[in-house]
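Shown next, in structure tokens, is the structure this report addresses.
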Amino acid sequence: MPDAPLRLAVLASGRGSNLQAIIDAIEQKRLRVVLALVISNKAEAQALERARKHGVPAVFLDPKATPGREAYDAVILEHLRKHDVGLVALAGYMKIVTRVLIDAYANRIMNIHPSLLPSFPGLAAQQQALDWGVKVSGCTVHFVEEGVDTGPIIRQAAVLVTEGDTAESLEARILVEEHRIYPEAIQLFAEGRLMVEGRRVHIR
Ligand code: GRF
């Protein structure tokens with residue numbers, strides 16, 4: 001009997017275009033996982049609507065109801081376990097993940113960031129890239145550790161910075177690449193092809 005498919009959870013705080021790319025990839029069978037759950041820390045997150053529209057269980061967990069970042073992550077962990085989640089994908093999730101989740105899901109939490117890490121971690125990465133004057137930027141999918149945007153790199157895509165680019169125009173071109181490489185990275189994980197050795201992620 002074939003193995004049961006990987007059960008994925010997505011954590012998102014806003015627009016949810018990466019979540020949509022994941023949903024589309026699943027529906028087009030480019031990504032062979034079950035999207036078991038979407039969690040947001042924002043009641044009004046468009047990501048929740050996108051999930052519900054596709055019949056995916058979607059929950060808003062109010063950070064104010066569980067003060068303290070560890071306690072909040074413990075609530076998330078309960079939901080992940082209840083839904084038998086094997087991989088967590090952060091997609092525009094605007095909270096720092098604590099040890100509570102990282103220990104329970106070691107090398108099983110991914111994030112996508114709109115720069116070629118380790119350049120320009122943190123907020124407004126596209127503006128940081130423009131301000132620095134780089135000629136190439138892009139996006140990175142990486143495993144999540146305690147540092148912000150520091151974990152082992154799984155996949156990257158480069159985007160040329162053009163004369164006259166604004167943060168918005170650069171963001172739009174980077175997003176196209178994000179939507180391509182995030183489902184790809186998740187599929188590699190689902191196939192058991194990612195091996196983490198220190199900082200390096202080998203693709204078998
Ligand atoms: C993306 O640029 C992602 O790289 C960053 O936050 C943004 C989220 O966009 N972490 P969306 O919510 O997936 O549309």
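The values are calculated or read from the model by the stated rules, or taken from the named source; none is laboratory data. Keep in mind that what you see is a predicted model, and the values were worked out from it rather than measured. All Cβ positions, glycine included, derive from the backbone under ideal geometry; neighbour counts span all protein chains shown. Only protein heavy atoms, including side chains, enter the accessible area calculation; ligands, DNA and RNA are left aside. Shrake-Rupley method; radii C 1.70, N 1.55, O 1.52, S 1.80 Å.
Remind me, relative contact order of the chain in percent, using alpha carbon pairs under 8 angstrom and six or more residues apart?
Values: 384 pairs, mean separation 39.5, N = 204.
Result for the chain is 19 percent.
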- Item | Cα-based convex hull, segment 1-105, per residue volume (Å³, whole number) | 96 Å³
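How much mean residue ellipticity at 222 nm does the chain get from its helices, if each DSSP H run of length 4 or more adds -39500 (n - 2.57) and you divide by all residues, to the nearest 500 deg cm²/dmol?
Details: 6 runs with 71 residues, N = 204.
Result for the chain, helices only: -11000 deg cm²/dmol.
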- Message: For a test of understanding, tell me how many lysine pairs in the chain have Cα atoms under 27 Å apart, given they are 8 or more places apart or on different chains.
- Response: 12
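Ordering 95, 53, 82 from largest to smallest accessible area (1.4 angstrom probe), what's the sequence?
On the way: 95 55, 53 170, 82 150 Å².
Ranking 95, 53, 82 by accessible area, largest first, yields 53, 82, 95.
What's the Cα-based Rg to Rh of segment 111-204, Rh via Kirkwood? Let's see the in-between values first.
Values: Rg = 13.5 Å, Rh = 13.6 Å.
With Rh from the inverse mean 1/r over Cα pairs, Rg/Rh is 0.99.
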- Inter-label distance for residue 123 and residue 184, nm, one decimal - labels placed 7 Å from Cα along Cα-to-Cβ: 3.1 nm
- Message: Give me the three principal axis extents of segment 73-151 from the C-alpha atoms, as integers in angstrom, largest value leading.
- Response: 46, 17, 16
- Message: Please report, ordered by residue number, every helix of the chain (full DSSP H runs) that is 24 Å or longer along its axis going by C-alpha atoms and whose mean Kyte-Doolittle hydropathy reaches 0.0.
- Response: 167-190
- Query: What are the semi-axes of the equivalent ellipsoid for the chain, taken as the square roots of 5 times the Cα gyration tensor eigenvalues, largest first, in whole Å?
  - Reply: 26, 20, 18
